[in-house]
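Below is one structure, written out as structure tokens; the observations come after it.
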Amino acid sequence: MTRYIIRRFLQAIPTLLGISLLGFTLIKVAPGDYVLMTTFDPSITAEARDEFRRQLGHDQPIPIQYVEWLTGVSLRGGDVVDAMVPMSNSCHYFGSLGFTLCDRGGGLLRWDLGYSLATKEPVWDMLRSRMPASFELGAVVLVLVFLFGVPLGFLSALFRGSAKDQGIRLLSVAGQAVPSFWMGLICIFVFSVLLGWLPVGGRMTISLDMKFSLVDRIRHLILPSFVLSLAGVAFLTKLVRTQVLEVIEQDYLRTARAKGLGSLALWTRHVLRNAMLPLATVLGPAIVGVINGALVIETIFAWPGMGRLTWFSALQRDYPMIMGAVMFYSALTILGYLISDILYAVIDPRIRLQ
Amino acid sequence: MKRLAWRRLLAGATLVAFVVPLLAACTTVAVPVETEAAPAGPIQGGTWTEASSADGTILNPILASDSASFDMMPYFPGLLGTNPKTGAIEATELAESWTVSEDSLVWTFNLRPGVTWSDGEAVDAHDFKFTYDAIASELVETPRKANVAGIDSIEVIDDLTVRVTFSDLKCDGLLDLGLGWLPSHLYAGDFSDIMDSPLNTAPAVTAEAFGFKEWQRDNFIAMESNDGFWKGAPNMDGQIIRVIPQASSRLAALENGEIDVMGLEPTQLTRVGLNPDLNIFKFKDDGYSYIGLNQANPANPLPGQDEDGNLVAQDPHPILSDPMVRKAMAHSLDYEAIINKVYLGQGYKLASNVLPAVGWAHDASIEPYAYDLEAAAALLDEAGWTDSDGDGVRECNGCATAEAGVTLSLNLKTNAGNSTREELGVLVQDQLNSIGFDIEFEAIEFGTLVGELLGQTYEMVIIGWTGLGTDPNDDSFWHSRFDTPGSGFNFVSYQNPRVDELLELGLETPGCAAEDRAPYYYEIQQIIHDEIPYLFVTGSIGNVGYSNRWEGIDPGTWSFSWNIHEWALTE
Amino acid sequence: MTSTTADQPLSAAASSALSSRSPKTFLTVTLERIRTDAMTVGPLLFIVLIGLLALLANPLGNLLVGVDPNRTNLDAALQPPLLPSMARRLVGLDHGVADSLLEVSGGVTHWLGTDSLGRDQLVRLLHGARISMLIAFCAAGIAFALGTTLGMLAGFLGGKVDDFILWLINTFSSLPTLFVLILLTSIYKPNAILLTLFLGFFGWIGAARFTRGQVLQIKTLDYATAARALGASRLRIMWYHILPNTIPLIIVLIMVEIGTLVLAESVLSFLGFGVQAPQATWGSMLAKSGDFYFLHDPTTGNRVAWHLIFPPGILIFLTVLALYLLGDGLRDAIDPQLRVDRQG
């Protein structure tokens, strides 16, 4: 088991490196860079713009910028030690090779995501400041998905072929088929504007002397978590239904039924337990689903999470921030898949991890 | 503050959809607070809540470059104030008075005594000098370097006297001095801690009406009233700015009373107007939308001047360099309908480049081009652009600028994501095609568009200027010096030696008095109107919707909240 | 999400579909099964209808309305739908509303009203259907061509190739796809073709993983081994023996994928990065409708743009719903085991 986990972690390294290389290239090749986006302003001269670029190191070729981001080591042609020293920890000029190597500190390999260009803050701090909101919404959505998806799927299987089954199927697929932003706008319009029952957006009622209020938090959570969980509920309902149906057809259940095992005991002891096994595998995809849906929900409901942060950084071409977020999300997803696999093995003794 | 230092393109991407001068911190004209003596003074307490479409990035006036950040940091005192109604520079901020040398290059400012930061330290000349020296420092990475480019030196004569020497006379040079001052006593003298100072996200002190309290990113920023504010302690407890990205969510929050003020989209106006609890402040904003016509060949962009400052003959655009064609275009747009339907009435016709908001320099006597399709068609016929093959598109039959047989085909671009401009593009395409043009319209990514604009490889572009400010000087749009492919903002390759000369005269008028400068700008406006480097589509009108549970609000074009410390709840 | 985890039941389905070979062709059997299921036939008919409307957008638009989708008419901006008032006129209840609408529009019949530039909503919906469907179909096509090829190569060649493709699959599936798409489109603002490529490029993982699994399974089956023993080349085996057996289930996956892509396109449009103006798509029309919730007539105070808010949203919803239901139904039809279950 331990060896398996270690191996999976090692396997994640090339994956993450691949993602970082791909992401960095795509951002850097795109039209418009950070300097242009923030200085498209007639009062800023071309010289000031070039100077700004040089200070940031954005005048260098993309591979050199990538290495700098990855390792915190900058490479410049010629002897530029004097010019570089104010921005670096240490610099050395290799006369025979004709270039200067500087250690700027940081870099992904040293477990440092660097500084945002726009806010000059550490990228990790910026991510961390949005995490409570993101995790709060994500966790509530996951709970809702399981809370509704499992019983609905189970009922659907229990009444398979009946009108109830068809109804549940239709309802859950419908939840998946609505464009989430449209649903969100309509929810705000109905529940906040017309009826006035729920707040328009945000994570809490904001005032100068804020005290934590659970009721207030829940009121703010209702609409965004409902809209964001729709797709997940549909997905899980379908999965549970399929699983339950598969289990029912297994030989041992036929035997159990033949033995005359009461139907309630049958359902709880055999069907439920065995059908629940594959649920462990849902965690990875569920995390992906929440991340995918979060940006739109955060935008509509003014939810201060990580999706908007990343998106805004993309508009500004704040590449350390975008890269930091992409790396974080990828790592989170890989971790989610890993936990799924481990859980699966723990629950189901037949599975051996190797 | 923002209005002084701010001048940029209307990016109009989803996130910066509406930039309203809500919070220009240039508080002005402190009437001594006599009302306090009255038996029933204004109600104390309450929190003023605003909504912003985007979060700020950094709370440091010399590092920030977005208006959302400036809205969120009304803590830093400034040298000069702006009259909220007229935009004139006034001695309402830290500079109590000033003297100017004969050649207008040396300015000596006498600072207001007794103003302190909220930690008790005096606000003085050292703070001013520190701020501007920091911008110039190699250790500080900022796009604001241009603010110090024209300054020769800043000397502190004594704590309350500072002398600024400019290298050249520039009548709008004072605008470069508009940035907020940093509290120098909290920073290292060598500027080494500016880039990563914790003060950039949590300013510790204030010298204005509000002080920083708490900032939850992408959520809200809370500010507490500064009872030691030198113009008088605010009546309210503080103010909050909430980040609500979606325009319709902002309106819903305004109607629910969750926020007190927001910039309104034209589609929201009627609804807000019908609401008895809300007021609307409408003002002519300092921006306009236009269609830029590249007069040079996009295949061969050339600089406007050579290294010695002599004009460089441009490779003319085969269609757009023909003044008759440009004039025909100007006559073939239905400005009235465009303003009414695309801008939902929130715009006004514009004849030339100086806005009515800059009253002393605006020539109101110039008439905007009239919508007149017959005149447009006649102009095109006369210029030798006729439809000889009957396909609905005109060709060059004896025109002056192109070879015979060239069709009147042009490409029109704008930035994607701005639905107003996209609608305008569709209309312009439709209207120009109806008199024999063949316009191809496309909305492209903003970064790509900027590249094509500055690179001068486009033909026609729909774009706008915003935050043009209080000075009529806009030499960066017209002067041949700024026709530099790749970086300059005279990207229409406009070239007119007389305009170059007038722009220089207007900027270097000895004494810089408005009445002396005005004639130059009148002449510029007439020439720009006649030569049509831009098709002026509409001047911008801004609308602010705000709750009527506050009294004392007296908004002006240049600042909504200049007297915010006097506002009070009505009950 | 749906496509990546659907392969487990599906692989079981394929093997059972294969083992239950009968004189009837696969197609007829499947069709027979579908015919009895209302929740599959309904969606199928709906999709066919939408497909026809999209194909015939031009002639239909000309016939019913007779204007170009980008033809503006500012005098007739924000007209309410003509259809209800015409219907009332037919039964003699209309008091000149239809006539005054027609007078303003210059006799053009705006059955579903007009947008803020006076463009006809019905014509734009028809043309929007075409673009939206075209993008979704092409992107799904690209995704599946790519996915099937890679999956087959991986499954059949094994070894280093398999390792590499598996690594690719793992890398891509650790990305939150829609989120990455949003970042990419917000940086590149692609035109319709590039958008299709982007969507296709990020949608292949499900198909690849599924095909690889199928190939690995089928490879061990008797007939593949027999073909190999007879000296058939790998390519031939792939083409003639393995591909035909995976196609039915791939079609199912494609249905679901197309639905997801239609949704993705609308989300991208909402954020401002969909197909660029002036081209109409359902997504861009729905995204634009967000501006109209609070739009009131200045004189009457009535809300004026309901007809712009609902039709594109409902069309997207129904189309995606139909695609998902169809995918579900087809899978059940192909997989007899599940079908038995559903009928209890």
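Read the figures in this text as sums done on the coordinates, not as results from a lab. Since the model is a prediction, treat every value here as computed from it, not as a measurement. Neighbour counts run over all protein chains shown; Cβ positions are idealised from the backbone, glycine included.
Summary of values
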quantity	calculated
Pairs from B:Lys231/B:Lys284; B:Lys85/B:Lys231; A:Lys28/C:Lys160; A:Lys28/A:Lys120; B:Lys282/B:Lys349; A:Lys211/B:Lys213 whose Cα-Cα separation, in the structure shown, is over 22 Å	B:Lys231/B:Lys284; A:Lys28/C:Lys160
Charge sum, other residues only, whose C-beta stays under 12 Å from B:Gly257's C-beta, Lys/Arg counted +1 and Asp/Glu -1	-3
Antiparallel content of DSSP bridges confined to the protein assembly as shown, in %, to 5	85
Within chain C, helix-based [θ] at 222 nm, where runs of 4 or more DSSP H residues each add -39,500 (n - 2.57), nearest 500	-22500 deg cm²/dmol
Long-range Cα-Cα pairs in the range C:216-261 (distance over 16 Å), rounded percent	45
Residues B:His362, C:His110, sorted so that the one with the fewest Cβ neighbours within 10 Å comes first	B:His362, C:His110
Helical mean residue ellipticity (222 nm; -39500 (n - 2.57) per DSSP H run of 4+; nearest 500) of chain B	-6000 deg cm²/dmol
Dipole-positive endmost among C:Gly66, C:Phe179, C:Pro278 within the range C:54-335 (Cβ charges, Cα centre)	C:Phe179
Anisotropy class of the range B:439-571 from Cα gyration tensor, a/c 1.5 cut	oblate
Residues of type lysines that A:Lys238 reaches as a straight line, Cα spacing below 20 Å, ignoring anything fewer than 8 places off in the same chain	A:Lys164
Inter-probe distance in nm under a simple model that places probes 7 Å from Cα toward Cβ, at A:Ile347 and A:Leu158	1.9
Sites matching trypsin sites (Lys or Arg not before Pro) across the range C:164-252 that sit in DSSP coil, with at most 10 neighbouring C-beta atoms within 10 Å	none
Ranked C:Arg71, A:Arg3, B:Arg250, criterion: other C-beta atoms within 10 Å, fewest first	A:Arg3, C:Arg71, B:Arg250
Cut-off 14 Å, label 7 Å out along Cα→Cβ of B:Thr161, residues of the range B:125-139 by amide N	B:125
Cα gyration tensor, the range A:17-115 - rounded (a/c under 1.5), prolate or oblate	oblate
Principal axis dimensions, largest first and in whole angstrom, of the range B:51-209 by Cα	44, 39, 32
Rel. contact order, % - alpha carbon contacts under 8 angstrom, at least six apart, the range C:54-335	20
For chain C, convex hull volume per residue from C-alpha positions, Å³	174
Partners for B:Lys341 among aspartates and glutamates (Cα-Cα distance below 18 Å; same-chain residues under 8 apart left out)	B:Glu265, B:Glu422, B:Glu423, B:Asp430, C:Asp75, C:Asp115, C:Asp120, C:Asp291, C:Asp297
For chain A, calculated [θ]222 nm from helices alone, where every DSSP H run of n ≥ 4 adds -39500 (n - 2.57)	-21000 deg cm²/dmol
Between the range A:160-224 and the range B:86-103, the alpha-carbon center distance in angstrom	55
Within 10 Å of each Cβ in A:197-203, the average number of Cβ atoms from other chains	6
Two-site FRET efficiency, C:Leu45 against A:Ile186, from Cβ-Cβ distance with R₀ of 25 Å, rounded to 0.05	0.35
Three-way shape call for the range C:141-213 based on the alpha-carbon gyration tensor, with the a/c threshold at 1.5	prolate
Efficiency of FRET between B:Asn310 and B:Asp193 - r from beta-carbon atoms, R0 60 angstrom, step 0.05	0.80
Along each principal axis, Cα extent of chain A, largest first, Å	88, 57, 38
Chain B - Rg (one decimal) and Dmax (whole number), Cα, Å	25.1, 84
Angstrom value of the Kirkwood radius, inverse mean 1/r, which spans all Cα pairs in the protein assembly as shown	33.5
